[in-house]
Amino acid sequence: MSPVNHLSDNIQQHYTRRDLGKLILDALDKAGKDINRLTPEDLAPVDEFHIRGRAATLELAQAAGLDSTKHVLDVGSGVGGSSRCIAREFRCRVTGIDLTDEYCRVATMLSERIGLAELVSYRQGDALTLPFPDELFDVVWTEHAAMNIEDKPRLYREMFRVLKPGGALAIYDILAGPSGPVLFPVPWARSPETSFLVTPEELRKLLDQAGFKIASWADTTSAASAWFASLEKRIRLEGLPPLGFHVLLGPDFQTMAQNQRRNLEEGRIVLAQIVAKK
């Protein structure tokens, strides 16, 4: 097995949970939701699989100028929370791609249950070899996905390739902070072997080398730190709720949340919201 395939398998193993769709529906039922009449709000605690959830998604969407004329590619679409949020809010068409096949199946199922199947679709695939022709999308969108991708020059070249001229790359990502190594496990990796963070300066250089021009860059670390501190405190005092990221990641999410709070507070990681243009 090649090192690349081995890495891909390790990342899929980190995210895959058997019968994830049933786990989510059972958790929704336990939380008092009618699983036959679900709303996007019902899914919010589990499907916006990134720091600050839906608020961060909507902020990035505004910065990227989404509207109903846009066709968006969501790279690292997970269980589809971001794509459903922006499709519903802006009536844009969204294609999601994710390395984890189980996530694509669950994303499709949840989208059908809330009536968004006509606007969103999902397929399993590799962000380093996007299965799309050149200049197809108006916006390439990615939230908390690049941390698992080692070959970042190739990643951003592929994103540039599938964007139309004048199109936007919308990024919300975790970057390496100035204060030393990340404490593991964290939500995106249980060990350093599948974690590939770059510094803000390195990301600027990568985007420039791929051909992008940065239109906006916001450091959202302080808001992220406050959000995770609140989440970790709530879990510590009340335990894990019926519905949350632990449904996706398993019982060690509590340890991940504690580490993530420390990583943010100690400057081991930083958060950035970026829009770059082709």
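The values are calculated or read from the model by the stated rules, or taken from the named source; none is laboratory data. Since we're looking at a predicted model, the values are computed, not measured. Glycine gets a Cβ as well: all are built from the backbone with ideal geometry, and neighbour counts include every protein chain shown. Areas reflect the complete protein model, heavy atoms only, side chains present, ligands, DNA and RNA absent. Shrake-Rupley method; radii C 1.70, N 1.55, O 1.52, S 1.80 Å.
Quick one: what pairs do we get from the range 175-196, first residue without any contact (Cβ under 8 Å) to a residue 24 or more places away in the chain, second of a type in the set (F, W, Y), C-beta under 9 Å, 6+ apart or different chains?
Filtered contacts from the range 175-196: S191/F184; P192/F184.
Give me the pairs: first residue in the range 75-97 and polar (S, T, N, Q), second residue assigned to a helix (DSSP H, G or I) and open to solvent by less than 10 Å² (accessible area, probe 1.4 Å), beta-carbon distance under 7 Å, and six or more apart or on different chains, which are they?
S77/S83; S77/A107; S82/T57
Quick check on my filter: what residues within the range 178-232 are among the charged types (D, E, K, R) and either under 25 Å from R154 (Cβ atoms) or part of a loop (DSSP other than H, G, I, E, B) (or both)?
Answer for the range 178-232, where residues must be among the charged types (D, E, K, R) and either under 25 Å from R154 (Cβ atoms) or part of a loop (DSSP other than H, G, I, E, B) (or both): R190, E193, E201, E202, R204, K205, D208, K213.
So which residues in the range 25-73 are without any contact (Cβ under 8 Å) to a residue 40 or more places away in the chain, outside any loop (DSSP other than H, G, I, E, B) and of a type in the set (K, R)?
R54
Taking only the range 6-53 into account, find how many residues are under 19 Å from Y172 (Cβ atoms) and at pLDDT 90 or above.
Qualifying residue count, the range 6-53: 1.
Yes/no per residue for (1) basic (K, R); (2) buried (at least 20 other Cβ atoms within 10 Å of the Cβ); (3) farther than 22 Å from L169 by Cβ:
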{"site": "I214", "(1), (2), (3)": "no, no, no"}
{"site": "W217", "(1), (2), (3)": "no, no, no"}
{"site": "S225", "(1), (2), (3)": "no, yes, yes"}
{"site": "L243", "(1), (2), (3)": "no, yes, yes"}
{"site": "Q258", "(1), (2), (3)": "no, no, yes"}
{"site": "N263", "(1), (2), (3)": "no, yes, yes"}
{"site": "G267", "(1), (2), (3)": "no, no, yes"}
{"site": "A272", "(1), (2), (3)": "no, no, no"}
{"site": "A276", "(1), (2), (3)": "no, yes, no"}
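As an exercise: evaluate G250 against (1) touching a helix residue (DSSP H, G or I) at 6+ places or on another chain (Cβ under 9 Å); (2) open to solvent by less than 10 Å² (accessible area, probe 1.4 Å) and give the number of the one condition it does not meet.
Every condition holds for G250 apart from (1).
Evaluate the following for D173: is it outside any strand (DSSP E or B) and either closer than 24 Å to E158 by Cα or open to solvent by less than 20 Å² (accessible area, probe 1.4 Å) (or both)?
no
Got a sec? Which strands (runs of 3 or more DSSP E) wholly within the range 74-164 have at least 2 residues that are modelled with pLDDT of 95 or more and surrounded by fewer than 22 Cβ atoms within 10 Å (Cβ to Cβ)?
Result: 93-98, 120-124.
Applying the selection to the range 70-97, what residues are more than 10 Å from the chain's Cα centre (by Cα) and acidic (D, E)?
E89
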